[in-house]
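Below is one structure, written out as structure tokens; comments come after it.
Coordinate-derived values only; no laboratory data. Only a predicted model underlies this, so the values are computations on that prediction, with no experimental measurement involved. When we count neighbours, we look across all protein chains shown, and the Cβ atoms used for this are built from the backbone with ideal geometry, even at glycine.
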Amino acid sequence: MAAIEITHKAVSKFFVQKRQYDAHKGMFGRLLIIAGSKGMAGAAILSARAALRSGVGLVTLSIPDELLFIVQSSVPEATCIGRRTGGALGDRRNPATASITPERLSSFDAIAVGPGLSASPKAQATLSYVMENYGGKLVLDADALNIIADTNVTMDQDTIITPHVGEAARLINTTAAAINEKRETAAAFLAEKYGCTAVLKGAGTLVAALNPAPKLYINTTGNPGMATGGSGDVLTGVIASFLAQGMNPQTAACAGVYVHGYAGDLVAKNYGEDGLIAGDLPLAIALAIKELSETTRI
């Protein structure tokens, strides 16, 4: 299957519509991000900042209690819900986590799970709880993928997985070298195996989609400076934000990887590839979307 290039012109059309004068935050989606563990507060922060800069109206972060202060003070625009250390979502014996009931889960337009989550037994229980009780759009990244690699879980076409090469190798029980040798084949196989949209990160990020028909896309933005810790957490926030705002998984994945890479190019233009860090990307994402929308209106 030949990969279709994701271009500036193709992506810009998704950012045509200006916000109504009387708009309110509820009109732009509600997103839940389940992230973070000891030593990994940054993953939650980067994902949330990226989601907010991508236009979502409301972000709720589910994070361990011990990270509440640092995360809430770093992303004051988000609502934070603490999980007792090691606690799983939906555990009715644990008041700190039981508040996210199945009914509350259904109030979110999209959920992202995985950045910095760890693969602990409680993290596994949390992921299982979400997948069993939430029927909406999901983004699974990082530790969520490491958990899934050890199970026989099935997904649906409203789910997006975003593995890097190492995670992809674990998901399909092969080696990173084998993935890199046949990236397009691997991306398509990931989507087929799990029944979802697969984003295979790396130079020339690939998006393998099944709906409305099997297609493979290759990104045309980004640079080697983005090979830095936290960049993938930012991408998760962008894609999840687009899902929450109403994009379908194929569109959200393609637009997400393009905007993410374009933001990286804007940063590299000003600071160079060596100086690029993931924390630079969220604000650059806002600039990238602004440029895309202005291109369309000309």
- request: Output the direction-averaged projected area (hull surface divided by four) of the convex hull of the alpha-carbon atoms of the chain, in nm².
  value: 15.0 nm²
- prompt: Residue by residue, what Karplus-based ³J(HN,Hα) values in Hz, rounded to whole numbers, does the stretch 123-128 have, using 6.51, -1.76 and 1.60 with θ = phi - 60° and x for Gly and Pro?
  reply: 5, 4, 5, 5, 4, 4
message: Checking the table K182/K215; K193/K215; K18/K290; K269/K290; K13/K290; K13/K269 against a 19 Å threshold on Cα-Cα, which pairs fail?
response: K13/K269
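How would D274, D109, D22 line up from fewest to most surrounding beta-carbon atoms within 10 angstrom?
Working: D274 9, D109 20, D22 6.
Least crowded to most crowded, the residues run D22, D274, D109.
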Label-point gap, in nm, between T7 and S74 - each point 7 angstrom along Cα→Cβ: 3.9 nm
- prompt: Comparing Q245, Q124, Q20, which has the greatest mean-square fluctuation in the GNM of the chain with Cα pairs linked when under 10 Å apart?
  reply: Q20
- request: Provide the packing ranking of 12-18, 280-286, i.e. peptides ordered by the mean count of other C-beta atoms within 10 Å per residue, highest first.
  value: 280-286, 12-18
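What FRET efficiency comes out for the pair T295/A178, r = Cβ-Cβ distance, R0 = 45 Å, nearest 0.05? Spell out each step's value before the answer.
Details: r = 39 Å, r/R0 = 0.86.
E(calc), rounded to 0.05, equals 0.70.
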message: Could you order the peptides 233-243, 40-50, 139-149, 155-165 from most to least packed, using the average number of other C-beta atoms within 10 Å per residue?
response: 233-243, 40-50, 139-149, 155-165
